[in-house]
Amino acid sequence: MKKVVPLAKAHETSLYGSKAVGLGDAARHGITVPRGVALSGDLVDAVASGEDKATGQVAKAIATLPPPFAVRSSAVDEDGAAASFAGQHLTVLNVHAAADVPGAVRDVWWSANSDSAITYRQRVGLFTRPSIGVVVQSLLNPTVAGVMFTEHPVTGVDERLIEASWGLGEAVVAGLVVPDHFRLDRSGQVLERKVGRKRIAIRCLPNGGTFEEQVALAEVNRHCLDDAQLAALGELALQCEKVYGPRRDIEWAFQDGTLFLLQCRAITTSKGRGDTPPPVPPRRDPVAALRRVQLFADMDRRQAEQIARLLKERPFAKGETVIMEGSGGAAFFLIDSGEATVSSKGVDLATLGPGDCFGEIALIDGGPRSATVTAASDLVCYGLTFLEFRPLVERNGTIGWKLLQVLAKRLRTADPRIGSGPSPGRP
């Protein structure tokens, strides 16, 4: 169901994901959150696939939100108590124009379907294709922001642990600063204040994106929260426990004296753009390109079309790593435009261009990458993850059989003894 609703109307976790519904719960209980909307997983899939109707739905929904925007993932199984996806799924900050939001949504979709995210999902026992909802909110320009645990995340002591720094909270979340450290008891009494070394602050650029601003020397070692702000955070902790239950991991920010909740999840048990979009180059025929890939060469047109419908466009900037040698493989890529270099152990092996592909065996076994692929120029690929490919093969025996035939041919080429007599080591 392709839906987009104001955060206060996001009720169904199965549609919008836990982060969106959590923010909706906060709004419904009177906790201050930045204005925003929730996109359902099906709508995010459609935007990532380039469907005009879906893009139009998003544009209409955010028309009344003041820019710039923050675009965050809200996966259905994200941020549960047994596994946290912090650091796995992308947050796109300071999206300056509404026309750029669909591209940010597509980037979030890809972050949840990246090698590292899918490998992490498998490690924590999640083997299904992720359903990725997205939250789009007006971005704050906070004076100070950070995180708060309503219970000590290491010792389990019943106290509030707060880490804070100047500017956007990503400086704390990403570990870019040594934040100020505070401990409060449940009544809000300050138990400890420890000043950090806050040398930088993450700030918004006027035309989109963020930058690291050097903090004035006088502010580096000055506490960034006063007693009134600490009292407000203590009250927010009580509110969040009332709404969500105990053991909460909270991201927050102060702007113009007002405290905003950015997100609230369970503490884990283990741990430049303009106002109009740029012209889009004509989309190439992915079916024809797909049938030039050895793994899919024997597919007929209809079968190739079934696979091609799962492809999603993914851009990479020059110098960006597409896949990393040794990492778990989770996706296949087909180059639409631009060039990429293939290297192993620091040695360049090949240059790839439009029509070339890499990573197709990852669709079968999800094994480690044998080489690193880096964008040699601005690069646009069609991508397909094995979590989308596997259900298609399971439903379509003909496609599965043809894949077996291709793999059998590869085995015969690699070892001529296969099929001509007893297997090695057998009578």
Quiz item: Restricting attention to the stretch 326-370, which residues are among the charged types (D, E, K, R) and modelled with pLDDT of 80 or more?
Solution: D336, E339, K345, D348, D356, R369
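Can T32 be described as under 27 Å from R203 (Cα atoms) and polar (S, T, N, Q)? So that I can check it myself, show each step before the final result.
Details: under 27 Å from R203 (Cα atoms): yes; polar (S, T, N, Q): yes.
When the stated conditions are applied, T32 passes them.
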Self-check item: strands (runs of 3 or more DSSP E) (entirely within the stretch 146-208) containing at least 1 residues that are among the aliphatic types (A, V, I, L, M) and under 19 Å from A266 (Cβ atoms)
Solution: 160-166
Exercise. Take the stretch 15-44 and flag every residue that is open to solvent by 40 Å² or more (accessible area, probe 1.4 Å) and assigned to a loop (DSSP other than H, G, I, E, B).
Key: H29, G30, T32, R35
Quiz item: Taking the stretch 174-200, which residues are modelled with pLDDT under 95, open to solvent by less than 60 Å² (accessible area, probe 1.4 Å) and hydrophobic (A, V, I, L, M, F, W, C)?
Solution: V177, I200
Exercise. Only residues that are surrounded by fewer than 22 Cβ atoms within 10 Å (Cβ to Cβ) and not in a helix (DSSP H, G or I): list them for the stretch 223-237, please.
Key: H223, L225, D226
Quiz item: Filter the stretch 380-419 for residues that are of a type in the set (D, E) and modelled with pLDDT under 75; which is surrounded by the fewest Cβ atoms within 10 Å (Cβ to Cβ)?
Solution: D415
Quiz prompt | Odd one out for D348 among (1) under 22 Å from F296 (Cα atoms); (2) of a type in the set (D, E, K, R); (3) in a strand (DSSP E or B) | solution = (1)
Exercise. Select from the stretch 314-332 the residues that are out of contact with any Asp or Glu (no Cβ under 9 Å at 6 or more places or on another chain) and part of a strand (DSSP E or B) and write down the one among them that is most open to solvent (accessible area, probe 1.4 Å).
Key: T321
Quiz prompt | Filtered residue count, the stretch 299-312, keeping only those that are open to solvent by 50 Å² or more (accessible area, probe 1.4 Å) and at pLDDT 80 or above | solution = 1
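The values are calculated or read from the model by the stated rules, or taken from the named source; none is laboratory data. Bear in mind the structure is a predicted one, so any value in this text is a computation, not a measurement. Quick reminder, even Gly has a Cβ in these numbers, built from the backbone with ideal geometry, and neighbours come from all protein chains shown. Surface areas here come from the heavy atoms of the whole protein model, side chains and all, with no ligands, DNA or RNA. Shrake-Rupley method; radii C 1.70, N 1.55, O 1.52, S 1.80 Å.
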